[in-house]
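One structure is given here, and the rest of the page talks about it.
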Amino acid sequence: MFSTPFVLTFSLLLSLPILFLLAPRILPPRLSSVPISPSDELEDLSLFRRASATPTTRLPSSFSHLAASKPKLKIAFLFLTNSDLQFAPLWEKFFRPPSAKSLYNIYVHADPTVNVTSPGGVFEGKFIEHAKRTYRASPTLISATRRLLATAILDDPANAFFAVISQHCIPLHSFKFVYHSLLKYGIRLQYKSFIEVISDEPRLWKRYVARGRYAMMPEVPFEDFRVGSQFFVLTRRHALMVIKDRRLWKKFRMPCYREDECYPEEHYFPTLLSMQDPKGCTQYTLTKVNWTGTVNGHPYTYKKSEISPELIQGLRESKYSSSYLFARKFAPDCLAPLLKIADKVIFRD
């Protein structure tokens with residue numbers, strides 16, 4: 001007969017492979033992303049419920065329906081930042097035309113722990129209340145975007161499109177061009193959201209299992225999981241879908257244990273809208289990003305020496321739409337050369 005110590009040792013050795021396979025399912029993972037606190041979640045839910053109670057605005061089928069007595073449709077520009085708005089002077093020029101004043105609203109979600117300074121001008125008084133701390137590659141960025149959407153929905157029923165903008169983002173055209181591109185081009189597309197939706201990304205499976213192999217089930221099967229840019233333009237109908245969602249959010253709010261594959265802000269929005277209204281999405285974004293030479297998940301950052309009229313023209317080129325409307329990512333010292341070519345190149349359409 002085998003001795004008791006031998007049996008115990010043999011049993012332990014035999015169980016190790018089983019524990020290795022089952023550990024991700026039965027043990028809490030080593031979390032790398034920051035969870036949403038219960039107090040923040042409750043405060044957000046209160047905001048979202050109030051915004052969800054607003055009616056879904058039906059966009060007109062053509063500009064002829066916009067009679068003088070009716071409010072003109074607006075674009076809500078949603079700035080998501082954890083630093084000072086370095087390109088505020090360029091955006092100031094973008095919003096400068098008197099004809100644009102009644103056609104847009106600005107909302108800024110600034111990380112309160114960074115002490116972001118208001119640049120004044122068109123950004124004065126545009127920082128939203130109850131902004132929370134944000135962390136890269138965490139569900140906090142989803143929450144921040146949802147707060148911006150809910151605030152804009154509540155603030156003005158004329159907000160028809162909701163453009164999420166990074167602090168490293170610049171406009172590639174004049175406001176007039178952007179407005180008419182969204183509204184007139186939107187008519188031809190029956191007012192779809194301009195959001196990137198990718199189903200064949202090479203690392204899609206690794207991103208899907210970043211919280212655990214079965215963590216997303218049953219709400220989000222792998223075949224429904226999508227990836228795309230976190231900078232997009234949503235219609236009001238889709239913005240309401242986002243803030244009304246509870247089912248998918250409870251999955252995407254879970255922290256990850258695979259930091260190198262966890263980018264919830266790039267997964268949640270394309271997955272949600274693709275599952276709920278795939279035909280209502282263009283499948284592409286209007287914000288140009290250069291992923292050549294990416295480092296640690298960050299896109300290429302343009303330097304001061306690279307700013308030129310030729311660069312702006314190249315960034316505008318798109319195989320999906322008539323033109324990209326915005327671009328990122330730019331180093332802060334790009335501001336001066338961008339301002340030099342703003343009137344003659346960027347805003348001259």
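The numbers here are math on the coordinates, done by the rules we state, and not lab data. Because the structure is a prediction, the values reported are computed rather than measured. Here the Cβ is made from the backbone with ideal geometry for all residues, glycine too, and neighbour counts use every protein chain on show.
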Worksheet entry | Per-residue ³J(HN,Hα) for region 344-349, Karplus 6.51 cos²θ - 1.76 cosθ + 1.60, θ = phi - 60°, Hz, x for Gly and Pro | 8, 10, 5, 9, 9, 9
Worksheet entry | Around residue 205: net Lys/Arg minus Asp/Glu count, Cβ-Cβ under 14 Å | +1
Practice prompt. Report, by chain and number, residues whose modeled amide H sits under 5 Å from the one on residue 105, excluding near sequence neighbours (fewer than 5 apart, same chain).
Written response: 75, 76, 77
Worksheet, complete the sentence: Net charge (Lys, Arg +1; Asp, Glu -1) of residues whose beta-carbon lies under 12 Å from that of residue 118, residue 118 excluded, is -1
Worksheet item: How big, in percent, is the set of alpha carbon pairs in region 68-171 lying more than 19 Å apart?
Response: 41 percent
Worksheet item: What residues qualify as long-range amide H neighbours of residue 302, i.e. H under 5 Å apart, gap of 5 or more or another chain, H built at 1.01 Å from N?
Response: 329, 330, 331
Discussion item. Cross-link candidates for residue 72: which lysines have Cα within less than 16 Å, leaving aside residues fewer than 8 places away along the same chain?
Written reply: 101, 176, 184
Item to complete: With label points built 7 Å along Cα→Cβ from the Cα atoms of residue 199 and residue 83, find their separation and express it in nm.
Response: 3.7 nm
Discussion item. What distance in nm separates the two pseudo spin-label positions at residue 52 and residue 258, each 7 Å out from Cα along the beta-carbon direction?
Written reply: 3.1 nm
Worksheet item: Cross-link partners among aspartates and glutamates for residue 132, C-alpha distance below 14 Å, same-chain residues fewer than 8 apart left out?
Response: 40, 41, 43, 44, 111
Discussion item. I need the shape label for region 253-296. Rule: rounded when a/c is under 1.5, else prolate if a/b > b/c, else oblate, with a, b, c from the alpha carbon gyration tensor.
Written reply: oblate
Discussion item. Assuming 0.36 nm per residue, please report the length gained on full extension of the stretch residue 300 to residue 343 beyond their Cα-Cα distance.
Written reply: 12.9 nm
Item to complete: List the aspartates and glutamates whose Cα lies under 12 Å from the Cα of residue 303, skipping any in the same chain that are fewer than 8 positions away.
Response: 333
